[in-house]
There are 2 protein chains.
Amino acid sequence: MEADLVLLNGRIYTLDPQQPTAQALAIAGNRIVALGDNRQMQQLLAAGGQQVDLAGHTVVPGFIDAHIHFLAYGLSLQEIDLAGVDSLAEALERVAARARTTPPGQWLTGRGWDQSLWGDGAFPTRQELDRVAPDHPVYLRRKCGHAAWANSRALALAGITEATPDPPGGTIQRDATGAPTGILKERAMDLVERLQQRPTPDQAREAVRLAMAAVHRLGIVGIHNMEGADALRAFQTLRAAGELKLRVLQQIPEADLDAAIQLGIQSGFGDDFLRFGGVKIFADGALGARTALMMAPYEGEPDNYGIALAEPEHLKRQVEKAARAGLAVFIHAIGDQANRNVLDAIEAVRRHPANGSIGPHLRHRIEHAQVLHPDDVSRFAALGVIASMQPIHCTQDMVLADRHWGARARLSYAWSSLLSSGAVLAFGSDAPVETPDVLQGLYAAVTRRRPDGYPGPAGWYPEECLSIQEAVHAYTAGAAYAGGDENRRGTLSPGKLADLAVLSQDIFTVEPEALLETRVVATLVDGEWVYSS
Amino acid sequence: MEADLVLLNGRIYTLDPQQPTAQALAIAGNRIVALGDNRQMQQLLAAGGQQVDLAGHTVVPGFIDAHIHFLAYGLSLQEIDLAGVDSLAEALERVAARARTTPPGQWLTGRGWDQSLWGDGAFPTRQELDRVAPDHPVYLRRKCGHAAWANSRALALAGITEATPDPPGGTIQRDATGAPTGILKERAMDLVERLQQRPTPDQAREAVRLAMAAVHRLGIVGIHNMEGADALRAFQTLRAAGELKLRVLQQIPEADLDAAIQLGIQSGFGDDFLRFGGVKIFADGALGARTALMMAPYEGEPDNYGIALAEPEHLKRQVEKAARAGLAVFIHAIGDQANRNVLDAIEAVRRHPANGSIGPHLRHRIEHAQVLHPDDVSRFAALGVIASMQPIHCTQDMVLADRHWGARARLSYAWSSLLSSGAVLAFGSDAPVETPDVLQGLYAAVTRRRPDGYPGPAGWYPEECLSIQEAVHAYTAGAAYAGGDENRRGTLSPGKLADLAVLSQDIFTVEPEALLETRVVATLVDGEWVYSS
């Protein structure tokens, strides 16, 4: 097979045990043809083909973000960005700045705030927002997406008053007088969000375009998207126009499960750029809002076990229904009890008393798998459940994990324990909750420290740190496996799709700190350069 | 680009105006690389590649059946075959034969009978079936699929008695005493069909495998399937196993339209082997059962205008709903009034007063378009509506068309008029209603005669005969266009998918009668031989 593109003089890490490294790589069309040394690959080059000198740069399989909210990420690129803001004053200043350039009455939306970085860690209030933006409704989602901070005008538009009862599955935080403080948790957020307009198809397409360009700069060639129909429509429109240069595994929200079954859609339907993955189901809330479902109460809150967004029997019913229809499940579970409930539900289909394994080929996953009971760690491998995890959640949330879960936090973000037990790890970002920057994710995975060094040189529960090889695997081959795509991509192997990232440094040999300075030099998707610095 | 397969010494008709004929053709992987003479193509062959000597055989783009019920066709291959049976006695003998080999009490099902070929053309009765199969429930669908013939045991199991009212949209035929005759039309068929078990997933997969092998022998490389979820699941299972060697455009039954919109599925979603086409909607019944919706009454039945399965306002609503969601509509319309209703509904989205054209790219189609009012012929081209028609319906139904529609039959199966007005024709078989044999279809399209010569040398309304070029176009490039696939297949052009049929004779130069003796020598799908005689 002749090649039309050869990459020479590289440090190529294939992630393929058959041929782990190479100097050069040859591509024909959208496929990798062969790997070897410069001379061998040059001999494959067809007349008129292109040679690219990698100049000693490092090449890895293109990164896959196995958990992202891609349309929301694209829209967030246009919102008030509060991610990483380390004081209430700075957060308010950013809101004030946006208010100054936005006509009064229009919504100001933002996301990414984290009160655990601010002074005493107390939740902020509507009154603080009212002072800087009295003439706009303001609605700011917390970085976890499970709580929000609204000003008085937004609450008024939503009709939220002292008299409004907490909706099922949600909490309207109240002050000593019973008045809403501006903080809304879980389903209470719906009271405001239903007022906000969904993006138009044009806006959605534009947001996806923006997000695609942003992730290409990060070496990302594929995503597992955790959103529903609006995003799917935007992806299809771009795909039909030949503009989708990112491989998308699209999920089905639980509310659409019956529709998918009615139509006969199964996991895997689609093509190499856009296919269906599994059914996204929520088992519980999250850590930051203290709604993750725990076996024992939160530290210092003897009555708070978190919130079950799905009861065990419901989970079992839905998992079996999906599996019988040929659909994998991708279930959000944060707390140890939620993880156990999901493992129990998946065990019920993997070891069904009457039917043996129902849908044995299905790639069921737990999304986040944030804190596990010691008895549950080995069940991922035993039941063939993929752990879809996000390294930056660990270093962002470790303070809260210690505070709210105490010693139980030992098995939070238990990457090494899961891997040792034989589980497959797939890594992602949860963007826009955290940055989709994979190099920052790799740094978190291998150090369990923040870029500023916190909590010290050894990192947080360092026994759960991964090697750089293991961490890169989870962003490439592991994620591809989690999407059922391991025969098509995830490693740089002959016959696989030509998706790769060129990096400024050899991330397999540098000190961890250097990961944070490593740049993506270029990104290739389907044999085509989609980014080049 | 080097080729790994070259076909030499052929009479290759590409259907591509840029290069209409060639002697040889070169393929790399699953794509056509180039066409030219033997020497040119041999020069492209890579070391170790394969040369095939076509020995003067004719090559055409692989045929596409643009209207088929593929799972039903596969199941029908195992049913009692009454297609073309020319006497009641022979039909009864076939039922008797199957009864002898089937345990009493089990259903005997069959299809394909056509009473217009039998003696006086009267519908048969349950009593006739009772005589040959008293111990089995028997249910035999008419060739049109819009009427069925059941025995007394089947009626009893369905609870159909003298006292059973006609269901909405259906008729239980009755004798002079009011007792059911055994003939059920349209929705009355549901009363029996709901008793019959849907195929299990294994049975469905097996039926699709059988059908796939059968159509490969006919030179067919692709289908537009008019069925729903059961078939889609079988296709996906075969696709996942790498066994789907047939390009499937899958429709969405109208009952699943809301589910498709909820999920966000648009026309075109899928890959080169399995993708979604449009929403299948029924506007009326059919000719044989005299339920096709007409502007004026049936000949000799002053009160019968046929049955509207969808009212005009409903059609408009559904077409607009589908188009706004990015879904094309594939609407069954037989009678002239039904065709007008559908054209009106499509005109309402093509020329929407407020929105201009809604979904201008969508390939809306009328399925069958069997008899048209003179004012409506040119509207197909004007509105960009594809006429998806089945040549064998013409020669099978012409007697009934004359009998029931009289002079209106002049514009039935009005292929040449439609083509002259600029419409795109896509041809199919409606199998298992008729045979999927494309060569028989081509013969019907160019002669408008039956193989036995009826109704005479000129054919029926010979002004509507097509040239062989036009007819082949409708089974290849026209059908590909109707599926939105004209850039990927339908002609033998460099860069297109390598799907082709090798024929024993040059169908472009032989006399029409020779079409019926032409054999398919081999069929290539995606660069792979899937049939070879």
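I want to check a number: in the protein assembly as shown, how many lysine pairs have alpha carbons closer than 18 Å, given a sequence separation of 8 or more or different chains? Could you put the intermediate results ahead of the total?
Details: A:Lys143/A:Lys185; A:Lys245/A:Lys496; A:Lys280/A:Lys316; A:Lys280/A:Lys321; B:Lys143/B:Lys185; B:Lys245/B:Lys496; B:Lys280/B:Lys316; B:Lys280/B:Lys321.
The number of close lysine pairs in the protein assembly as shown is 8.
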How many percent of the accessible area of segment B:108-193 is carbon or sulfur, using a 1.4 Å probe? 52
Once you put a point 7 Å from the Cα of A:Trp529 and another 7 Å from the Cα of A:Ala46, both along the Cβ direction, what distance in nm separates them? 2.0
Mean separation of Cα contacts under 8 Å (6+ apart) over length of chain A, as relative contact order %: 16
Taking protein heavy atoms only, a 1.4 Å probe, and rounding to whole percent, the accessible area of segment A:201-525 owed to carbon and sulfur comes out at 51
Antiparallel versus total DSSP beta bridges in segment A:162-259: what percent is that, nearest 5? 50
For A:Cys465, what accessible surface area do you get with a 1.4 Å probe? Give it in Å², rounded to 10. 30
Other-copy label distances relative to A:Pro134, 7 angstrom Cα-Cβ extension, nm: 9.7
Pairwise centroid distance, computed over Cα atoms, of segment B:469-490 with segment A:335-364, Å: 46
Only helices counted: for chain B, with every DSSP H run of 4 or more residues adding -39500 (n - 2.57) and the sum spread over all residues, [θ] at 222 nm is -8500 deg cm²/dmol
Heavy-atom accessible area per residue - segment B:396-475, 1.4 Å, Å²: 31
Can you list the copy-to-copy distances for A:Ala96, using a point 7 angstrom from Cα toward Cβ, in nanometres, shortest first? 9.9
Using a label point 7 Å beyond Cα on the Cα-Cβ vector, give me the inter-copy distances for B:Pro374 in nanometres, one decimal, shortest first. 9.2
For segment A:5-22 and segment B:99-124, compute the distance between their C-alpha centroids and round to whole Å. 66
Of the beta bridges DSSP finds with both residues in the protein assembly as shown, what % are antiparallel, to the nearest 5? 50
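Using a 1.4 Å probe and counting only protein heavy atoms, arrange A:Lys496, B:Lys316 so the residue with the most accessible area comes first. Numbers along the way, then the final one.
Details: A:Lys496 25, B:Lys316 75 Å².
Solvent-accessible surface, decreasing: B:Lys316, A:Lys496.
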Ordered by number, the residues of segment A:1-32 that have at least 40 Å² less accessible area in the complete protein assembly than on their own chain alone (1.4 Å probe) are A:Glu2
Which residues, if any, in segment A:208-255 lose at least 40 square angstrom of accessible heavy-atom surface (probe 1.4 Å) when the other protein chains sit next to their chain rather than the chain being alone? A:Arg233, A:Gln236
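The values are calculated or read from the model by the stated rules, or taken from the named source; none is laboratory data. None of the values given here were measured: they were computed from a predicted structure. Backbone-built Cβ (ideal geometry, glycine too); neighbour counts: all protein chains shown. Side chains are part of the model used for accessible areas, which takes the heavy atoms of the whole protein and leaves out ligands, DNA and RNA. Shrake-Rupley method; radii C 1.70, N 1.55, O 1.52, S 1.80 Å.
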